[in-house]
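Okay, so here's the structure we're looking at.
The values are calculated or read from the model by the stated rules, or taken from the named source; none is laboratory data. On a predicted model such as this, the values are computed, not experimentally measured, just so you know. When we count neighbours, we look across all protein chains shown, and the Cβ atoms used for this are built from the backbone with ideal geometry, even at glycine. Heavy atoms of the whole protein, side chains included, go into the accessibility calculation; ligands, DNA and RNA do not. Shrake-Rupley method; radii C 1.70, N 1.55, O 1.52, S 1.80 Å.
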Amino acid sequence: MIRFDRLSVTYGGKSVFANFSFQPALHAITCLMGRSGVGKTSLLRIAAGLQQPDDGCVIRPEGRVGYVFQEPRLLPWFTVEENLMWLLPNRSVQRKARVRALLDAVGMGAETALYPAQLSGGMKQRVSLARAFLMSPRFLLMDEPFQGLDKQTRMNMYGLLLSLWEAEKPTVLLVTHDLEEARTLGHHIIKLTGSPVTGYTELANKRMNMEDEWNEPSIRTEQLA
Amino acid sequence: MKASTTNLNKRGYLYTGIGLVTVWGIVAIAYPAVVLPSPYETLLALLELSRTAQFWHSLGVTFWRLTAGFGLALVSGVLLGSLVGHKLVAYQLLRPAVLVVQAVPPVSWMLLAILWFGVGGGAQIVVVFLALFPIFFFHIAQAVRQLPTDLLEMAKVYETGWIKTIRAIYVPAMKPYWISALAITVGMGWKTIVMAEVISGQTGVGAVMNTSRIYLQTDEVMAWSFVVACLGVVSEAIVRKLSGGERHDPIR
């Protein structure tokens, strides 16, 4: 299970989360929304264990974590292929085939021997996506993963994410600014509310066959005292 | 393009070398050998020296001292440099102290070291250590401070383990600093150790050079200078060859 329990977080002297609790649905895609700077990235970092809350605790699911950072974070001295290869255990067989298949899936099959510096921003982002899917994560954190991709590529990436999700049913937390994207991908759409964030609103969602209620959200509001 | 640049570089060294030796030869005609021996006389002196056991023994002694001082500086510089690279407070505390060590001329250290340890007590090793330690210290501190935290976070999330993290992130990220520190220190080490031996006398290349000076055997001083200069250049070239040039080995 995953659970954020009464989190309090200050960042640079500013309170970002205050007594915030949230339990994302397991084996579902939850899209996180909210105005920029609200603390969505902090929430993912806390979920990944990269940042500790000042107060409260996080219960993380067992198993592998995948993380698509806002920046690609590729090793500049490794080729595209090596950037994926080095993550896999040395003894795992057919790892080259798996890496190739994933790179093909993100449309980077022809660029496996190039270095990150030779790629465009969108291409690097796609390698970073392939890397996140590589280990068949049980828990996938994605921080605006499709930012800067053109529409066609983005559609392809949606398809890839959804097919991965179908195959392995990981728990996904996806930060996005794009409501359309959230509606295409998310089983749940969560909008963080308050400043500092104290609660959230769940937005209606096509996938859950609910009505469009972006402007009058409150289907469920949790505000923990 | 790259090949032709290298060729030009190599030819550049050759032309400059020939030019310098020619100028040296012409100037040497005007002066007696005791002031400026000709290139030919220097070469003869070098051949003569290389046939003596003392030549090789002195080289051995000097090389051992250099290795010891270099090794001490390397180990302590890397350890302390890594420490202060991680802790800013430690850096702020240690930096002035190391700057002082660096600011004091090696000659002063040598005189003090002789007073403290005596000429046979490793004073030369101490001076090499003090000259090279700050270079390792500052290079490694800088290398640690500029480690790519974003990539280290990524490695942590993907649970790559510390061996892979060191090989794939620490080593290549710190490599430019390593190469620079090693190239500077091996070249500087040779000059420092010989200077220290000139002052301490007794044994080693510097001591033999000083004896030659006392007996006005300028050709021997020139021959030794040539040998030491070559050793410095060659060691630096070896370091660059070993550490630089080729791309980091991918993990397969």
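See the values below:
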read-out	value
Extreme residue, positive dipole direction of region B:35-243, given options B:Gln92, B:Thr52, B:Pro37 (C-beta unit charges)	B:Gln92
Charge sum, other residues only, whose C-beta stays under 12 Å from A:Ser42's C-beta, Lys/Arg counted +1 and Asp/Glu -1	+1
DSSP bridge orientation in chain A - percent antiparallel, rounded to nearest 5	50 percent
Where the protein assembly as shown is the region considered: accessible area per residue in Å², 1.4 Å probe	50 Å²
Those residues of region B:136-166 for which accessible area with every protein chain present is at least 30 Å² below the isolated value (1.4 Å probe)	B:Asp150, B:Leu151, B:Glu153, B:Met154, B:Lys156, B:Val157, B:Tyr158, B:Glu159, B:Thr160, B:Lys164
Backbone N within region A:144-186 under 20 Å of label point (7 Å from A:Gln23 Cα along the Cβ vector)	A:170-174
Length-normalised contact order of chain A in % [C-alpha pairs under 8 Å, at least 6 apart]	27 percent
Longest DSSP-loop-exposure-free segment, trypsin sites (Lys or Arg not before Pro), chain A, at most 13 other Cβ within 10 Å	A:92-219
Of the DSSP H helices in chain B, those whose Cα atoms cover at least 27 Å axially and whose Kyte score averages -0.5 or more	B:2-30, B:53-86, B:123-145, B:171-200, B:218-243
Region A:53-150 pair-distance distribution - Cα-Cα, 5 Å bins, rounded %	2, 13, 23, 23, 19, 9, 6, 4, 2, 0
Part-to-part distance (alpha-carbon centres) for region B:175-250 and region A:80-99, which is given in Å	45 Å
Top of B:Leu79, B:Leu147, B:Leu14 by mean-square fluctuation, Gaussian network on chain B, Cα under 10 Å	B:Leu14
Relative contact order, percent, chain B [alpha-carbon distance under 8 Å, six or more residues apart]	25 percent
Accessible area buried between chains A and B, both sides summed, probe 1.4 Å, in Å² to nearest 100	2200 Å²
Local electrostatic count, A:Val65, Cβ distance below 11 Å [Lys/Arg +1, Asp/Glu -1]	+2
Cα-based reach from B:Lys156 at 24 Å (exclusive), listing lysines while leaving out same-chain residues under 8 positions away	A:Lys40, A:Lys96, A:Lys124, A:Lys169, B:Lys87, B:Lys164, B:Lys175
GNM result for chain B, Cα springs below 10 Å: residue of B:Met222, B:Met154, B:Met209 fluctuating most strongly	B:Met154
Accessible surface of region B:1-157 [probe 1.4 Å, protein heavy atoms]: carbon and sulfur percent	73 percent
Local net charge near B:Tyr40, Cβ-Cβ under 15 Å (Lys/Arg +1, Asp/Glu -1)	-4
28 Å tail of the calculated P(r), chain A, as % of Cα pairs	31 percent
Candidates B:Gly77, B:Gly122, B:Gly19: whichever shows maximal mean-square fluctuation once chain B is modelled as a Gaussian network with Cα springs under 10 Å	B:Gly19
Cα-based convex hull volume of the protein assembly as shown per residue, rounded to whole Å³	203 Å³
Distance cut-off 30 Å, percentage of C-alpha pairs in region B:35-243 lying past it	35 percent
Longest exposed-site-free window of chain A, the sites being GluC sites (Glu not before Pro) in a DSSP loop that have at most 14 other C-beta atoms within 10 Å	A:63-210
Heavy-atom accessible area, 1.4 Å probe, ligands and nucleic acids excluded: residues of region A:30-73 down by at least 40 Å² from chain alone	A:Leu50, A:Arg64, A:Val65, A:Arg73
Of the DSSP H helices in chain A, those whose Cα atoms cover at least 24 Å axially and whose Kyte score averages 0.5 or more	none
